[in-house]
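Below: one structure, written as structure tokens.
None of the figures in this text is laboratory data; all of them are computed from the coordinates on show. Computed from a predicted structure; not experimentally measured. Cβ: placed from backbone, ideal geometry, glycine included. Neighbour counts: every protein chain shown.
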């Protein structure tokens with residue numbers, strides 16, 4: 001099976017919820033505006049970025065609900081904003097930490113506000129102003145995501161159980177982020193270290209959390225199924241992150257919506273560069289050392305890195321690892337659901353994680 | 001009535017909950033440690049700062065519960081960690097935004113981690129590493145505060161209502177913070193502008209939110225009382241913030257646990273400096289202009305600022321405004337509770353806000 005069913009599921013979800021996501025933001029922007037146009041404008045800009053996401057997590061939440069027998073489709077579409085709000089707010093903080101200046105084809109929010117600071121005649125460090133404003137609106141959105149949850153038309157008990165899943169996984173995501181921020185810089189990180197960061201920082205809240213939250217909202221609390229969802233979702237999330245690392249070098253920059261090679265510029269230890277640093281020729285290793293952690297990697301060096309990673313077998317090694325996780329995800333599916341339709345969506349979604357071009 | 005009953009109430013609360021607050025953190029630190037000692041150490045350091053707070057908000061939450069007839073004292077003490085976690089996490093973000101380097105007698109968390117970065121051989125900008133790590137653990141704690149709420153032994157419906165209050169007020173606090181970060185820098189801020197920032201950034205989540213959350217956990221949803229709590233709490237919070245501004249210049253630095261004059265260094269518009277800029281002699285205004293927004297204000301200039309603010313009548317003007325808010329808070333008390341004991345605590349707490357030396 002290829003990723004086309006999964007791709008279509010994501011596309012349908014995006015199309016179905018895009019307008020209501022906008023309506024949601026409009027209402028919240030009006031509320032913010034009753035305090036001041038300053039937070040309202042911040043939220044308006046946040047919304048533009050949030051609406052441009054791939055929305056894998058939102059789609060998975062609706063899938064978790066549907067495959068667990070839930071039938072309130074309108075409510076679950078609203079619920080699906082929760083992981084999307086968390087995800088985009090997290091990216092805003094992440095872009096500050098990683099000093100990334102482009103996100104989803106737009107200047108990162110803190111860059112937008114560094115510019116805004118000029119208009120407002122902010123007299124001190126404009127970048128610091130931008131970072132403060134971006135940090136702050138992401139905080140507001142973290143809180144708003146709880147407001148969404150607590151206002152859903154589901155039983156109090158289901159809301160509580162869903163909230164417990166949410167708080168658990170987002171806390172772990174923040175712990176994983178601390179590990180990532182520190183590991184970027186530490187020499188001697190192993191493959192195990194990197195996969196651990198991927199698990200906590202990305203895989204769990206991407207693959208596991210939305211499916212579990214959706215299932216919980218449908219009233220599902222069966223431990224065996226829960227375990228299978230965790231297995232599927234973690235493997236799904238690992239595959240997602242591996243393809244993310246690959247796309248960071250091999251994507252079409254325009255389509256990707258962020259600069260190629262930014263992991264390399266940050267000197268981040270990824271599975272690709274780790275493999276190269278161990279298995280490359282001395283010339284290839286020297287090239288890695290030359291570009292790793294240096295600002296403004298050239299298009300030529302991105303192109304050369306692509307070749308070097310292919311020549312050294314690093315691309316194949318990491319790509320195959322991603323396919324292995326897709327396989328692991330598939331293995332878990334029968335215990336997640338016995339419904340053939342949902343089995344197919346789950347399988348194709350996992351496959352699509354390694355096929356996607358953005 | 002003076003502030004001694006209020007002071008004692010705070011002291012009793014602190015003493016009663018200090019150990020269990022530590023036990024709470026220990027359990028969460030162990031959880032974080034199961035992922036890695038890096039987030040665990042971050043949380044351990046966060047806990048040290050959190051436990052040193054004045055804990056006004058935690059105490060108010062228990063008061064809101066008790067005066068609304070709640071009787072599960074152990075559970076409400078745990079619930080009271082929620083606003084304290086939010087408050088300290090908010091301060092961690094605030095210290096990054098305001099570039100404050102001391103908090104509660106310790107280096108701010110981001111300064112602690114800039115130092116830590118040296119030990120870990122972090123190769124890039126240490127201050128950026130410190131800010132990233134501090135930003136991140138505060139995010140984690142925001143999420144943990146929800147975990148506390150959702151695990152409380154109260155009915156699902158009460159948890160949900162309490163959560164709705166929590167999400168509403170902390171979102172508004174973040175909006176107020178955006179206003180503050182921007183207003184710091186904008187010339188021509190009026191008294192109304194500053195009081196608006198105080199309301200959203202501080203007064204509501206300090207005075208209103210904990211009382212409403214405590215009342216909600218006791219099952220209280222009466223609209224008239226709710227309105228009275230909002231009136232009392234907002235006035236209480238304004239008085240709190242005004243005294244905070246005053247203490248920022250007039251406190252004993254050792255007792256205060258942070259440097260005097262930091263608002264002046266940041267060039268922040270406060271009610272004190274605003275009054276001075278309007279009503280001071282040309283010499284006094286020239287002095288203000290000389291020190292406002294300049295780094296490292298000297299002890300001599302703090303001392304001179306104290307005198308200038310007194311001579312220009314700015315101190316008296318702002319102090320009287322604080323007393324007016326205390327008076328407003330008192331007016332609201334009869335509609336909050338008819339119980340004399342709780343009336344006295346509410347009144348004395350409000351009075352204490354303008355008496356406190358830290």
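Inter-copy label distances for residue A:298: 5.3 nm (label point placed 7 Å from Cα along Cα→Cβ; shortest first).
Count, for each residue of B:26-35, the Cβ atoms from other chains sitting within 10 Å of its Cβ, then give me the mean as a whole number. Mind showing how you got there, number by number?
Values: counts 0, 0, 1, 0, 0, 4, 5, 1, 2, 10.
Partner Cβ neighbours, averaged per residue: 2.
Modelled label positions at residue B:335 and residue A:223, each set 7 Å beyond Cα in the direction of Cβ, lie 5.2 nm from each other. Peptide A:116-129 is shielded by partner chain Cβ atoms: per residue, an average of 3 of them sit within 10 Å of its Cβ.
Here each label is just a point 7 Å from Cα along the line to Cβ, and for residue A:344 and residue B:34 those points are 3.9 nm apart.
Is any residue of region B:273-313 close enough, with backbone N under 14 Å, to a label point placed 7 angstrom from the Cα of residue B:193 along the Cα-Cβ axis, and if so, which? Backbone N within reach: B:273-275, B:277-278. Axis-proximal residue of chain A for the rotation onto chain B, reported as residue and distance in whole Å: A:156, 2, based on Cβ position.
Taking the label point 7 Å along Cα→Cβ, residue B:1 and its counterparts in the other copies are spaced 6.8 nm apart, in ascending order.
Between copies, the label points at residue B:344 (set 7 angstrom from Cα along Cα-to-Cβ) are spaced 7.5 nm, reported in nanometres from shortest to longest. Using R0 = 35 Å, the C-beta based FRET efficiency linking residue A:71 and residue B:74 works out to 0.30. Can you grab the distance from the C-alpha centre of region A:1-67 to the C-alpha centre of region A:297-358, Å, no decimals? Computed from Cα coordinates, the inter-centre distance equals 25 Å. Between residue B:121 and residue A:294, the simple label model (points 7 Å from Cα in the Cβ direction) yields a spacing of 2.2 nm.
Okay, helix-only estimate at 222 nm for chain B: each DSSP H run of n ≥ 4 adds -39500 (n - 2.57), divide by all residues, round to 500 deg cm²/dmol; what do you get? Write down the numbers at each step before the final one.
Working: 18 runs with 270 residues, N = 358.
Only helices count here, giving -24500 deg cm²/dmol.
The smallest convex shape that holds all Cα atoms of region A:245-358, its convex hull, gives 104 Å³ per residue.
Among A:119, A:62, A:78, the residue with the largest mean-square fluctuation in a Gaussian network model of chain A, with springs joining Cα atoms closer than 10 Å, is A:119.
What value does the protein assembly as shown have for Rg/Rh, both radii from Cα atoms and Rh as Kirkwood defines it? If you can, show how the numbers build up before the last one.
Numbers: Rg = 26.2 Å, Rh = 26.6 Å.
A ratio of 0.98.
Note on chain A: GNM, Cα springs under 10 Å; of A:215, A:132, A:123, the largest mean-square fluctuation is that of A:123. Counting only other chain Cβ atoms within 10 Å of each residue's Cβ, the peptide B:161-168 averages 5.
The three principal axes of the Cα atoms in region B:4-355 give end-to-end lengths of 62, 58, 31 Å, sorted in falling order.
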